[in-house]
Amino acid sequence: MRIFRVCVKSTAVLWFCVCAAAQLKPPTDSWPTYHGDYSGQRHSPLTQITSENVNQIRQVWQFQTGQNQQIKATPILVNGVIYISTPDNLWALDVRTGSELWHYTWPKNNAFHIGHRGVAVYKDSVYLTTPDAHLIALNAKDGDVKWDVVVADSKKGYWSTNAPLIVRNHVMVGVSGDFDNLPGQLKSIDADTGKTQWIFYSTPPAGVSEPPSGGATGGQMWMTGTYDPELDLVYVGTGNPTPVLNGAVRPGDNPWTCSIVALKPDTGKLVWGFQTSPHDTHDWDAAEVPVLVDGNFNGTPRKMVMQASRNGYFFVLDRTNGKNLLTAPFATVNWAKGIDEQGRPIPDPNKEPARDGRLVAPSESGATNYRSPSFDANTGLFIVSAQDGYGIYFFKPEHGEYGWAGADYNVAGRAFLRAIDYQTGKIKWNHPLGDGALAAGVLTTASGLTFTGDVAGNAMVLRTSDGTTLWHASIGRMGNAPITYEMDGRQFVIFGGGSSLFAFALPEGLVK
Amino acid sequence: MLLSAAAATAQEQAGRAQSPASQRPPETVKPQTYSSELIRAGEGRFMAECGFCHGRDTAGGETGPDLTRSMLVAEDFRGDKIAPLLRSGRVEKGMPSFSLTVEDTDAIAAFIHDQKTKMEAVGGGRRGVDPEDLDTGNAEDGRSYFNGPGTCSTCHSAAGDLAGIGTRLQGLQLLQRMLYPTGAKAKVTVTLPSGNTVSGSLASRDEFAITLTDASGERASWPIGDVKFTIDDPLAGHFEQLGKYTDHDMHNVYAYLQSLR
């Protein structure tokens, strides 16, 4: 295990307690968790950068990872230190200069290196998942390893890209595993000791009958969940079932795959689940961010959870009980026959993968994917990276019953940023972002700005109310959503473009 | 209802014949062998860097095609085609570039060739799509759709650009090309503030700049707000059509194109 230390900043001694209260309304000089706070709204109260002055923001620093991999992680900022990760790598950076404080590398391994979403911080520890599904706790000050535990057996086909969610002393870690028939598991690990506290299975492990998944495995929880301290419930999106494209061998709805599940953080006990894609046969995870919003729905105050799901539908649920309030498509869809009484799309059997191929919208890459959406309470808009796309899906018995068990090919897609009115599901505005792939994640601020990127590699700022472009800079393809914070009286925005982080702010002279 | 339909589909599919040997993947042009050590090293690198998209066994994964059926792999000799592709990527098709060492690319090429040899010995194709799998359409109905509601004939003709298409392309390749011929260049004409016009093929376009390549191969780029332009994009019609095809239409047009030999 190699640890690179360039210099260790000794001034950062007042370690900020990343506790539940702080993550509800984190200090504006931090971005302490994947979504910025527990709600998943990825909305900041900062207002220094406005629609009037945003055209004057300038690059303040750049950090180049020197890696081939695109940055798909959210930077985490605590105590003046930015933590940014790629598979096998974690860097600690000085927030004021972007210069490296230390760099940790995990030994070379053969698990999938497809991306890394970020780290989590608790007390004076940083928690990093590895491609081969370990969780390591590092000293936040110098990157020294405190402990290293195996979350799941990578030899069986598990891997991890996950940015953990921490509630109290529970470090909740998810894994991936679509190429093998593996039970879906979310593991809670003691933040101090590394000991396993509980495992929630979205599909049953061998020899267990609950949940009754109809023979399906999968339902991996590879994305970071959200948390409501008042209800003391964690919300997590689950992935697609396995075998992936062969649905015939796993009859029924296959709970709790392609679902939003509400769990008790102390026990991992399921309180409710809602399936966005019953009996999925298209790899459409519901792993996307379950965004928590308190507000009116048709005149009634509600505690809601909202998700724009990979299958092309936008869902609003009552998060106290999982009951559906709204289901509406936000992208081109042709795979459902209607919506059932529970608010779930009804899959059309004619759009299941077949020997001669089925032309299906969305494509396998999805109507959206892991790149974070944002909710802006001022306008009531849920803003999401979307794609109208088509794929062809094949299955024949020769493809078997294991892992992918089928073949599919993306045909074409068009990327957009879409602003959804959460009370009606209607698209308030639609901003084209290019062809061929989904674009970037989203950040909104209380000054009415939306920060995102396009397919061509431009970082962009749009006006939240109508989607008008106000600013752009070519920085390379963004792998996730920007973050923002205030430091020394100045608001900064960090975009990850290509393999670099870029910090932008107004020139010092313009800041009062 | 869903279950019985799914079960019926499975039964119907189970009754169909296996792929005949005549549809096997392209044969390796120059046979080549590698040390087991290099193949093992390549397996590890392949799994880490390529396995998610192309499958751990190279036979296709999430999005990426089955490499044992790849023409490029068949024509590759000791990485002479695979290594440059790894370094450049195929960004337009979603494949990133990789900064791998020569040792890594040599090892990856060795593993892919070894897998191809193994898969050829086994036959079939675990995640493949064979040309005869697609033979469910009616060519006559496809011709009617092509000339009628599909409006394909407004840009294409059986005796012109598509003459012999069924000989040039088969199976999945033909179907993909028919649905969306990636790489087909749009033509663009840019009108400069002076009133002069420049024409060429569209190289790139985003919200802020437009770039074309002219007949001499030179690239020129303008901020969007500085010029006026018109784009004739053959892919636009194909994309629109994706929202109109029924699966029957798709298979019928495929059958029609396949008959143009």
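A:Asp408 - would you say it is more than 7 Å from chain B (Cβ to nearest Cβ) and at pLDDT below 95?
Judged against the criteria, A:Asp408 is a match.
Taking the condition surrounded by fewer than 24 Cβ atoms within 10 Å (Cβ to Cβ) and more than 21 Å from the chain's Cα centre (by Cα), does A:Thr281 pass?
no
Can you tell me which residue is nearest to the other protein chains (Cβ to nearest Cβ) among those in segment A:362-384 that are crowded, with 23+ Cβ neighbours inside 10 Å and assigned to a loop (DSSP other than H, G, I, E, B)?
A:Ser363
Here is a list of conditions, (1) among the basic types (Lys, Arg); (2) touching a Ser or Thr at 6+ places or on another chain (Cβ under 6 Å); (3) outside any loop (DSSP other than H, G, I, E, B), and B:Lys185 meets all of them except one; can you say which number that is?
Of everything listed in (1) among the basic types (Lys, Arg); (2) touching a Ser or Thr at 6+ places or on another chain (Cβ under 6 Å); (3) outside any loop (DSSP other than H, G, I, E, B), B:Lys185 misses just condition (3).
The rows are residues; the columns are (1) within 19 Å of B:Glu240 (Cβ to Cβ); (2) exposed (fewer than 13 other Cβ atoms within 10 Å of the Cβ); (3) not small (Gly, Ala, Ser).
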| residue | (1), (2), (3) |
| --- | --- |
| B:Gly160 | no, yes, no |
| B:Gln170 | no, no, yes |
| B:Tyr180 | yes, no, yes |
| B:Pro193 | no, yes, yes |
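Got a sec? Which of A:Arg418, A:Arg358 is among the basic types (Lys, Arg), away from chain B (no Cβ under 12 Å) and crowded, with 22+ Cβ neighbours inside 10 Å?
One residue alone meets the criteria, A:Arg418.
Would you mention how many residues in segment A:285-300 are buried (at least 24 other Cβ atoms within 10 Å of the Cβ) and in a loop (DSSP other than H, G, I, E, B)?
6
If a residue counts only when it is more than 14 Å from chain A (Cβ to nearest Cβ), which helices (runs of 4 or more DSSP H) contained entirely in segment B:37-88 have at least 2 such residues?
So the answer is B:71-75, B:82-88.
So that you can scan it fast, the table gives a plain yes or no per residue for (1) over 14 Å from A:Asn480 (Cα atoms); (2) among the small types (Gly, Ala, Ser); (3) assigned to a strand (DSSP E or B); (4) free of Cβ contacts under 8 Å to residues at least 40 places away in the same chain:
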residue: A:Gly389; (1), (2), (3), (4): yes, yes, yes, no
residue: A:Ile392; (1), (2), (3), (4): yes, no, yes, yes
residue: A:Glu401; (1), (2), (3), (4): yes, no, no, no
residue: A:Asn410; (1), (2), (3), (4): yes, no, yes, no
residue: A:Gly425; (1), (2), (3), (4): yes, yes, no, no
residue: A:Lys428; (1), (2), (3), (4): yes, no, yes, no
residue: A:Ala440; (1), (2), (3), (4): no, yes, no, no
residue: A:Ser447; (1), (2), (3), (4): yes, yes, no, no
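So which residues in segment B:239-253 are not in a helix (DSSP H, G or I) and not β-branched (Val, Ile, Thr)?
B:Gly243, B:Lys244, B:Tyr245 - these are the residues of segment B:239-253 that are not in a helix (DSSP H, G or I) and not β-branched (Val, Ile, Thr).
Please indicate, with yes or no, whether at least one residue in segment B:173-180 is away from every other protein chain (no Cβ under 14 Å) and in contact (Cβ under 8 Å) with a residue 12 or more places away in the chain.
no
Can you report the number of residues in segment B:198-228 which are within 14 Å of another protein chain (Cβ to nearest Cβ) and either in contact with a Leu (Cβ under 6 Å, 6 or more places away or on another chain) or surrounded by 15 or more Cβ atoms within 10 Å (Cβ to Cβ) (or both)?
Within segment B:198-228, residues that are within 14 Å of another protein chain (Cβ to nearest Cβ) and either in contact with a Leu (Cβ under 6 Å, 6 or more places away or on another chain) or surrounded by 15 or more Cβ atoms within 10 Å (Cβ to Cβ) (or both) number 9.
Could you check, for segment A:333-354, whether at least one of its residues is modelled with pLDDT of 95 or more, assigned to a loop (DSSP other than H, G, I, E, B), of a type in the set (S, T, N, Q) and within 23 Å of the chain's Cα centre (by Cα)?
No, the conditions are met nowhere in segment A:333-354.
Can you pull out the residues in segment A:87-134 that are touching a Leu at 6+ places or on another chain (Cβ under 8 Å) and outside any strand (DSSP E or B)?
A:Val95, A:Gly98, A:Ser99, A:Trp106, A:Val119
Give the residues of segment A:382-396 that are of a type in the set (A, V, I, L, M, F, W, C) and closer than 15 Å to A:Val289 by Cβ, sorted by residue number.
Answer for segment A:382-396, where residues must be of a type in the set (A, V, I, L, M, F, W, C) and closer than 15 Å to A:Val289 by Cβ: A:Phe382, A:Ile383, A:Val384, A:Ala386.
Being under 21 Å from the mean Cα position of the chain (by Cα), of a type in the set (Val, Ile, Thr), crowded, with 21+ Cβ neighbours inside 10 Å and at pLDDT below 90 is true for just one of B:Val73, B:Val91, B:Val129. Which residue is that?
Exactly one of B:Val73, B:Val91, B:Val129 is under 21 Å from the mean Cα position of the chain (by Cα), of a type in the set (Val, Ile, Thr), crowded, with 21+ Cβ neighbours inside 10 Å and at pLDDT below 90, namely B:Val129.
Can you pull out the residues in segment B:206-261 that are touching a residue at least 12 places away in the same chain (Cβ under 8 Å), polar (S, T, N, Q) and under 30 Å from B:Asp135 (Cβ atoms)?
Matches in segment B:206-261: B:Gln241, B:Asn252, B:Gln258, B:Ser259.
Mind counting the residues in segment A:449-474 that are within 11 Å of chain B (Cβ to nearest Cβ), closer than 23 Å to A:Asp37 by Cα and outside any strand (DSSP E or B)?
The total comes to 0.
The values are calculated or read from the model by the stated rules, or taken from the named source; none is laboratory data. Predicted, not measured: the structure shown is a model, and the values here were computed from it. Note that we place each Cβ from the backbone using ideal geometry, even for glycine, and neighbour counts take in every protein chain shown.
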